Every structure is written in structure tokens, then in C-alpha cells.
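Heads up, the thing below is written out as C-alpha cells.
The values are calculated or read from the model by the stated rules, or taken from the named source; none is laboratory data. All values reported here derive from a predicted model rather than from experimental measurement. Please note: Cβ atoms are built from the backbone with ideal geometry, for glycine as well, and neighbour counts cover all protein chains shown. Note: accessible area is taken over every heavy atom of the protein model, side chains too, but ligands, DNA and RNA are not part of it. Shrake-Rupley method; radii C 1.70, N 1.55, O 1.52, S 1.80 Å.
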Amino acid sequence: AGVLTCAGFLLACEVNAASPPGAAAPAAPAPEAPAASTPSAVRRAASFVAAGLAPTTIPPLGNLATTSPLRLYFLAGCQDLTGLLVVKLNDRELHVHFRKGNPEFVDSTHPQDSLQAFLLSSRLATPDQIAKADAEKERFGGELVPALFGLGLINPSTAFAQLAERASLLLGHALLAELGTFSWEGKELPANKAMPLGNKWGLFMDQLRKLSGPDARRRLGESFDLPVMKTGGAVKVEDMKLKPQETRAYGWFDGVSSVHQLAVQHAAEADVIIRTAWVLKDCDLVSFASGALAPPPNSPYLSGAAKTSASGVSAPPPAAAPPPPIVAPPPVVAAVKAPPPAAPPIAPAAAKPAAPSFPGGPPKLAPPVVAPAAAPKAPPVMQPAAPASAPPSAPAAAVNFDAETKKLAALIETMKKQTHFEVLGLAKEADAGAAKTAYLKAARLYHPDTVPPNAPEPYAKARADVFARIVEANRVLSDAKAKADYLAELAAGGTGEKVDVGAIFAAEEHFTKGSILVKARKFPEALAMLDDAIKGNPEEGEYYAWRGYAKFFTTSDKKAGQAEAMKDLNVCLKKNANCANAYFFIGMMAKLTGDLKTAKTNFEKCAKLDPKNIDCARELRSMK
């Protein structure tokens with residue numbers, strides 16, 4: 001980006017410098033239509049609406065207390081908007097100009113932030129040079145920096161990095177502002193002001209990482225104690241340039257635990273967890289269920305009085321009583337049922353009496369769920385008997401883990417034969433919200449974190465397998481497209497093959513680590529990770545593409561390495577003919593072995609499948 005920007009500056013400067021002194025500057029080319037009017041932007045806006053995200057446009061005026069700068073940047077970036085965002089604070093205005101969603105010009109009206117002050121303090125220019133450029137800047141579109149470049153007073157290649165750093169710092173001030181107002185105007189940026197700063201989401205995350213954990217916690221407000229879960233948004237999470245720690249934190253957002261609970265549970269990474277939740281909240285990549293969870297005891301985020309009141313709490317606060325349990329809940333789950341019934345914090349307003357809320361297990365394991373009787377005559381055999389008025393901290397009866405493990409094994413076998421709807425106890429007409437609610441209720445019973453510390457491994461694994469089946473059902477039913485495909489499969493007579501979700505999750509984790517190692521050029525380590533990913537999920541084509549590409553770089557003979565790599569890449573394309581990365585890897589191998597024609601053909605295929613692939617676009621530009 002720096003090379004391209006310098007080239008752009010020099011080209012603008014040369015054109016302007018060619019004009020004789022006193023002559024009018026060459027007419028600027030007609031500006032492009034704002035990105036919002038292009039077909040791609042229209043499609044992007046339509047997908048934004050379809051995802052249920054609001055607002056879909058940036059209002060012309062607003063208050064930062066209700067619409068944060070973070071949200072404004074996200075709206076501009078995810079919709080590829082072109083325009084000027086002005087963040088108005090009590091002592092300055094910060095101007096951020098976007099071109100097709102990318103910030104390309106940032107400035108401030110405060111004297112301490114002025115460009116002249118920066119040039120002097122960074123020793124990029126002397127007072128005499130600035131004065132000379134200021135006198136001649138009308139020849140360069142009225143801008144100081146192009147005048148300095150065009151007159152040869154400073155070297156673009158050495159100045160660009162520092163100018164980009166200044167723009168990034170000013171952008172950070174704008175993004176982290178809390179009090180003030182803003183305005184938005186759709187307008188094109190003059191060419192002589194454009195200075196691309198880098199990947200818009202990488203730049204975005206770099207600035208927001210400067211916020212401290214305590215400040216991010218304050219900005220989260222009440223959401224800090226609400227269950228947090230991953231959601232799909234207008235931007236894929238993999239495009240957000242998360243660091244490994246942030247990716248790990250994102251993986252912990254399971255819809256069961258709150259940010260508060262996760263911060264206490266993973267104290268060493270608390271700031272990362274809190275900040276990641278805060279950032280992704282305004283990017284629609286996480287959501288928070290209603291109904292606060294009890295804060296962890298002795299939490300460092302509580303006041304003294306709050307700590308005292310929370311010290312005896314070992315589970316979420318009163319919630320709607322879950323359906324009669326199929327297996328014995330551990331003490332932490334039993335504590336949820338002790339308080340008197342209260343309004344469900346996450347349940348929908350209208351219940352669906354025709355369908356059990358979780359899961360439709362075999363009758364012999366859950367008579368209360370299946371039997372038409374209004375209520376069981378006695379508590380389930382496996383439920384510890386305790387009076388309704390027992391305090392939440394009352395000890396529960398000892399659990400017969402051998403018996404429970406056998407019953408869990410039977411439940412797992414039954415769930416393998418059930419549809420996703422039956423697993424979550426939902427009707428086929430149930431929407432994504434109902435699926436999420438059913439999932440949260442089920443997760444409170446079977447989440448791995450609810451396993452007692454003294455539980456044997458077979459029991460813990462059995463509960464994990466049940467939870468994995470619940471997670472898979474929720475994944476399909478909470479996604480409109482996945483649900484539609486699943487219903488079509490059922491209608492065609494299919495059963496919706498049940499998979500080992502735990503193995504798939506592990507495979508995805510290995511693949512993520514492997515792809516990161518490939519990008520870091522640590523190819524032997526990447527191969528080991530990608531081998532494990534393929535063992536866990538041999539049906540995922542893209543895993544083979546990355547492994548083949550890693551193989552190519554582990555051999556000294558590139559021709560032989562290319563032949564070996566193509567075996568994996570062909571497997572990938574057989575499983576997924578639309579894998580853009582496979583074509584990119586084939587193109588790179590062809591380029592490195594001297595076959596530029598094949599390289600270009602595959603780069604073009606990659607670009608057609610994934611127009612946003614920056615690496616592919618760069619390779620195609622270099623071949624023109």
C-alpha cells in the first residue's frame with residue numbers, strides 16, 4: 001500500500017508540476033459515483049438488511065452517545081461506502097474520508113494535530129520548506145503534502161510511513177471518542193488527498209486494541225453480565241484480522257457464559273476477552289441474550305458489597321425452570337432450580353406447548369417429557385430430592401456416575417436418530433430465535449462447564465457428546481440457509497447425517513492454526529496441524545488445499561513438490577470445485593515454477609470466486 005500510495009502521490013505531483021506557474025490546475029477527472037449506488041454496494045446493502053442489521057445507512061447527523069464511532073466505521077466499511085465522516089468533539093473535529101469503505105484521509109482541526117506541526121516535530125520538513133510548499137500548493141490542488149513531494153522538498157518513500165502513522169493515530173482518536181456528535185456526507189475524495197492506510201479491518205482492530213480492558217468493560221455496560229454468543233454478520237469474522245488470542249476469546253462465546261464469567265475463568269486473558277466482545281458487539285459478530293447471569297464469586301469486577309452478595313452464588317440467577325432432566329444435573333445445575341419460578345430471562349413471550357423445550361429423548365429416560373400427563377407424580381429418579389425451599393447452596397445427593405454414564409450413552413444413541421428439531425424439542429416452523437432459546441436452556445444442563453469436578457472421564461465425555469449434538473442442532477437451525485437446506489434434505493427422504501461435532505470442532509481448530517502457520521511460512525509445523533485437521537474432518541476440501549500448498553514449500557525440488565502438492569489440491573477441487581484458495585495456490589506454484597500462463601489463468605479463477613482476495617488481486621496487477 002505504501003508503494004502504491006507513493007506512486008500515486010508522485011503521479012499527481014508530476015501532473016501538477018507540469019503546469020506552468022500561474023496556470024490553473026488540470027481539471028480533475030469526473031468523480032466516481034458513490035459506492036452506495038454501485039451494484040456490488042446495493043447487493044451488500046441488501047444482504048445487510050436480510051441479516052436483520054440496523055441501521056443500514058449512516059444518518060447525516062447524530063450523537064456519539066447513541067451511535068458510537070466504532071459502529072459508524074463498521075457501517076461504512078461493511079457497505080463499501082464513499083463519504084466524509086466528521087467526528088465533532090468539544091475541542092476539535094476529526095475528519096475521516098472513506099472511499100469504497102476504506103479510510104483514505106484522516107485529519108484534525110486542532111492546532112496540536114496540524115500537519116505543519118507534525119512535519120516539524122518529526123523533522124520531515126524545515127520551516128523554510130513548509131513555507132515554500134505553502135506558497136506553491138495551489139499548483140498541487142491546494143494540498144501541502146503533494147506540494148512538498150512535487151517540489152522535491154521531501155522524499156515520499158521515507159515520509160509515507162510517518163504520515164500514515166499520523167493518520168492512524170488520528171483515526172484512533174476518532175474511533176475511541178465517546179462524547180460529541182457526528183455528521184456524514186456521501187462525497188468523493190479529491191485524488192490529491194487520497195492516502196490508503198492499509199487493510200480497513202486490520203487498521204480498525206489495531207486502533208481499538210489501544211483501549212484498556214477496564215475501559216472496554218465500562219463501555220460494555222449491562223452486556224458484561226449477559227450470555228454472549230457468536231453470530232453471523234455483514235462481515236466474516238475471519239476478515240476482521242483478529243489475533244490468535246482474540247480468535248481464542250471469540251471461540252469461548254458459547255451463548256452460555258457471560259463476558260464477566262469468561263473474564264474470571266480466564267483471568268490471564270481477561271482484557272482480551274472483554275475488548276473482543278466490545279469490538280465485535282458493534283460489528284454484529286456477537287450478540288447478548290436478555291437476562292443477566294450471576295457474577296462469579298470474588299470477581300475483581302465487583303464492588304465489595306456486590307462480592308459479598310455473590311459469594312454464595314455458583315450458578316446463573318433464577319431462570320425459567322428447564323424441562324424435567326434426563327440425566328442428573330450436577331450441584332451447580334440443581335442450584336438453578338431452587339429459587340421460586342420467575343419470568344424467564346431469555347424465553348420467548350409465547351411458549352410453544354406442542355413441542356418440548358429440550359430434547360425429545362427416549363420415553364424410558366424422560367417419562368415427564370413424553371407422557372401426556374400434566375405432571376409427573378414424583379421427581380425423576382435421578383434428580384436429587386430436596387424441598388422446594390432448599391437454599392441454592394444446599395448440598396445435592398451423591399451422583400451414581402456409572403448409572404448416569406449408561407443413561408447418557410443411551411440418550412446419545414437416541415439423539416443420533418433424531419432430527420435437529422427433535423433434539424431441541426422444536427417444531428419445524430420454529431424460527432432462529434426459538435432455536436437459540438432452546439439451545440441456551442439445553443446448554444445450561446449439558447455444557448461441559450457444568451460437569452462436577454469429581455466426575456470420572458467417561459461421564460464427562462458422555463455429557464460432552466450430548467452437548468456436541470445440541471451445538472450441531474443449534475448451528476443448523478439458527479442459520480436460515482442451513483435450515484432451509486436441512487429441511488429440503490428431510491423432505492427428500494434424507495435423515496440429515498449425524499456427525500461427530502466434537503471432532504469437527506477440533507479439526508477446525510487445527511485448520512485455523514495450520515493456515516496461520518502457512519502464512520507465517522512455518523511449513524513443517526503447518527503440515528502437522530493440517531494432517532490432524534484432515535483426520536478429524538476428511539470431507540472438508542479446503543483443508544487439502546492448504547496442506548498441498550504447505551507440501552510445496554517443504555521440498556527443495558519445486559517441480560517434484562508441485563506434483564505432490566497437486567494431489568492434495570485435486571482432492572480439494574473434487575470435494576469443492578469453488579474453493580478460491582485452491583486456485584490461488586495453484587497459481588502461485590505455477591508462477592514460482594515459471595509457468596506464468598497457468599498462473600494467470602488460476603489467479604483469474606480465484607478472483608472470480610473471491611473478488612475480495614487481496615493477494616490474488618495483487619498478483620493479477622503485477623502480471624499486467
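Here are a few things to note about the model shown:
- Per-pair calculated FRET efficiency, R0 = 25 Å: E525 and S168 via Cβ, rounded to 0.05: 0.20
- Accessible surface of the stretch 240-302, 1.4 Å probe, proportion on carbon and sulfur as whole %: 52 percent
- Counting only residues at least eight positions apart within a chain, or on another chain, the lysines with an alpha carbon under 23 Å from that of K416 are K364, K406, K407, K428, K436, K441, K461, K481, K483, K498, K535.
- 3J(HN,Hα) along the stretch 417-422, derived from phi through the Karplus expression 6.51 cos²θ - 1.76 cosθ + 1.60 where θ = phi - 60°, amounts to 8, 8, 6, 4, 5, 5 Hz, with x in place of Gly and Pro.
- Efficiency of FRET from Cβ geometry, Q265 and A563, R₀ 60 Å, rounded to 0.05: 0.80
- Additional length obtainable on full extension of the chain from K624 to A482, 0.36 nm per residue less Cα span: 47.1 nm
- Heavy-atom accessible area for K605, with the other protein chains in place and a 1.4 Å probe, reaches approximately 100 Å².
- Element breakdown for the stretch 500-543 at a 1.4 angstrom probe: carbon and sulfur atoms account for 56% of the accessible area.
- Relative packing of peptides 139-147, 161-169 - highest average C-beta neighbours within 10 Å first: 139-147, 161-169
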